[in-house]
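Have a look at the structure below before the remarks.
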Amino acid sequence: MKKIIALLLVCFSLISCRQEIQETDLSKINGYWEIEKAELPDGTEKKYSINTTIDFFEIKGTKGFRKKVMPQLDGKYLINDLSEKISITNKDGDFTLNYTTSYAKWDEELLELSNDHMILRNDQDIEYTYKRSQPFSVK
């Protein structure tokens, strides 16, 4: 019985240790990110071992944009003129990225954010785990 209680306490402490995101952390979103995996609501995962597009975020304060860019073999990125405007809202410490284009509006909840790791959840409860993109070159 003591082992079960100890295990429950450890599990509870791990769950409750989720680092709270502060508004000052939002600048960590800036830069190039690639999707590592997507987790569906039923628990199944789709791994992304190769990404032909990478998300570039630029956030200043609580406003910014996201663009899809394509990495090239020389380490540069192919960029088009399409972008999604972003405004970030904070409701009781929970941050939401609100996207707007000429054609649609949608939201993603910011679940985790560090210098090299980010998790976003969309309105269909799909969680996208991102890792910081590292430039590469075959030069």
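Structure values in brief
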quantity: Additional length obtainable on full extension of the chain from E45 to I79, 0.36 nm per residue less Cα span; calculated: 9.4 nm
quantity: The stretch 27-103 - Rg (one decimal) and Dmax (whole number), Cα, Å; calculated: 14.4, 44
quantity: Portion, in percent, of the accessible area of the stretch 40-139 that falls on carbon or sulfur, probe 1.4 Å; calculated: 51
quantity: At 0.890 mPa s and 25 °C, Stokes diffusion of the stretch 72-130 via Kirkwood alpha-carbon radius, µm² per second; calculated: 184
quantity: Chymotrypsin sites (Phe, Trp or Tyr not before Pro) lying in DSSP loop within the stretch 55-90, provided at most 11 other Cβ fall within 10 Å; calculated: none
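The values are calculated or read from the model by the stated rules, or taken from the named source; none is laboratory data. The model shown is predicted, which means the values in this text are computed figures rather than measured ones. Every residue, glycine as well, gets a Cβ built from its backbone with ideal geometry; the counts of neighbours run over all protein chains shown. Side chains included, ligands, DNA and RNA excluded: accessible areas come from the protein's heavy atoms. Shrake-Rupley method; radii C 1.70, N 1.55, O 1.52, S 1.80 Å.
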